Every structure is written in structure tokens, then in C-alpha cells.
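Worksheet: the structure to be examined is printed underneath.
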């Protein structure tokens, strides 16, 4: 981060780091810089000193920008994690609202999560098992947390793009999280295949936005950066998701439960 502001020699870097971390020795710093230069993270040249001997000046290397991008991705992921935890803590009535808006039939349920079933999904799964009569629960993907907690379910070995189930098997399908645009389109088509007539597909999209802000701000920067640079973090453009659903399910819509928290739904025609 220091070198991203401009080239520096060792003493300048040490002075900047000392404002945040104490007890850094110059010899240690040079050892770090030497290792980073070997990795291509930084580069150095020897330049004449303004009032004395030559000195080595360091600048960001060819791979340094990629490392900064990794740091940015990690930071955005941490922000999204804590925002998601906060949001789930104040949306406890989500399932009742969904049932009142779009009633789903009882029957076998498929629950899939991207990239895996998380702790935040447990309240949804608990609601499904408590309010679905005798309907069984199949889980697609890594369901380790459910097995650990002793929640009754059947784990399917497969992907959302290739579900190992016969046609028209499920009354409800729940997808928690948003994969990238291409995979989502394939998955929605596959969901329709295994959904019974009159069945409901719901997509819990924790980081989706429709409205474009009137002016740029930090929140908009985080949103656009996550969507364009780091699609694997799961933030998506709501219009894109809606368009994909409409191409497969004529009867579909979206419920905006909380800023960024959207539940897309689609009903398979009878």
C-alpha cells in the first residue's frame, strides 16, 4: 500500500510502516523487500542520493497490482459477511412474508446453496422442515453443517447445472446465493425440469441491487467492484437475474425484503 502511493526508498517505507507497527528493523524490512522483489511484487532501481551515496528505490512490481486486488476482494468479502449477519438478524419474518405473497405447494423440497449451506441458511431450512407436512428435504451440495447438527435430509451429489433427479420431482426448490450469470441460466433451466407443475422456485439473493444511485458513493463503488471484478463473491445485478428467470418462467417476480436482500420467485405452469 505504501508503494502504491509512489516509489520510496527503504527509510521512507520504514517511516510509513512505523506509524502502524512498532519495532520494525531496517534489516528486516530489506529482507521482506528482497523476498517480494523475487516474487515480482516490487521492483527496485539504484538512484543517486540527493546529498550522499546512491540509494535503492522501490516501486510496485508487475504482480503487485494483482496482490492489491486480492486485498480489495478480501476486504469486500469481510464487509459482505458482516452486513449479511446484520441483515439476517432483523429479517426474522421473511418466511411468513414469502408464504403470504407466493404460496408454495407441499411436497418434496430441494435446497441448494452457492457455494455451500451456511449457518444463515439454517432458519430457512428449519422453516421448510417445520411447515411442509411430510415432504422430504433434499440438499444439493456441501451440507456438512446439517449433518453436524443432526438435521434430517438427503444429500445429493451433483451440481445445480446437472441435478441428479427425475423430471417434476419437487414441489419447491430453494437456491441460496447467486452463481455467475452463465451458470445461473443453466441452473434455472435445470430447476424447471425437476420442478413439478405448479411448483415454486425461490432464489434467496443476499446481495442484489436494482436501483442505480443518482451519484457515485462508497457503497456504489463496493457494489460495482464486486459485480464486475469479483463475481464469485455472489453480488449480482437484479435486472440480469430477473431477465434470466423471465426467459424460462413466464410467471415470475421478485420481493425486495431489505436493501440488497431480494427473493426471486418463479412458478412452473400447470
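Assorted remarks:
- According to the Cα-based calculation, Rg over Rh for the chain is 1.15, with Rh computed by the Kirkwood formula.
- Full extension of the chain between residue 103 and residue 81 yields a length gain of 4.9 nm, computed as 0.36 nm times the residue separation minus the alpha carbon distance.
- Between residue 228 and residue 47, the FRET efficiency from the beta-carbon distance, with R0 = 45 Å, is close to 0.75.
- Global form of the stretch 3-62, assessed from the alpha-carbon gyration tensor, a/c cut-off 1.5: oblate
- Nearest-0.05 FRET efficiency for residue 142 and residue 21, computed from C-beta distance (R0 51 Å): 0.85
- Of 223, 25, 67, the one that fluctuates the most in a GNM where the chain has Cα springs shorter than 10 Å: 25
- Estimated distance in nm for a label pair at residue 63 and residue 149, the labels positioned 7 Å out from Cα along Cα-to-Cβ: 4.1
- Tensor-based shape of the stretch 129-172 (alpha-carbon gyration tensor, a/c under 1.5 rounded, otherwise prolate or oblate): oblate
- For the chain, adding -39500 (n - 2.57) for each run of n ≥ 4 DSSP H residues and dividing by the number of residues yields -12500 deg cm²/dmol at 222 nm.
- Computed from the Cβ-Cβ distance with R0 of 25 Å, the FRET efficiency linking residue 71 to residue 180 stands at 0.65.
Bear in mind that the values in this text are calculations on the coordinates, not laboratory data. Values in this document were obtained by computation on a predicted structure and should not be read as measured data. Positions of Cβ are generated from backbone atoms using ideal geometry, with glycine treated the same way; all protein chains shown enter the neighbour counts.
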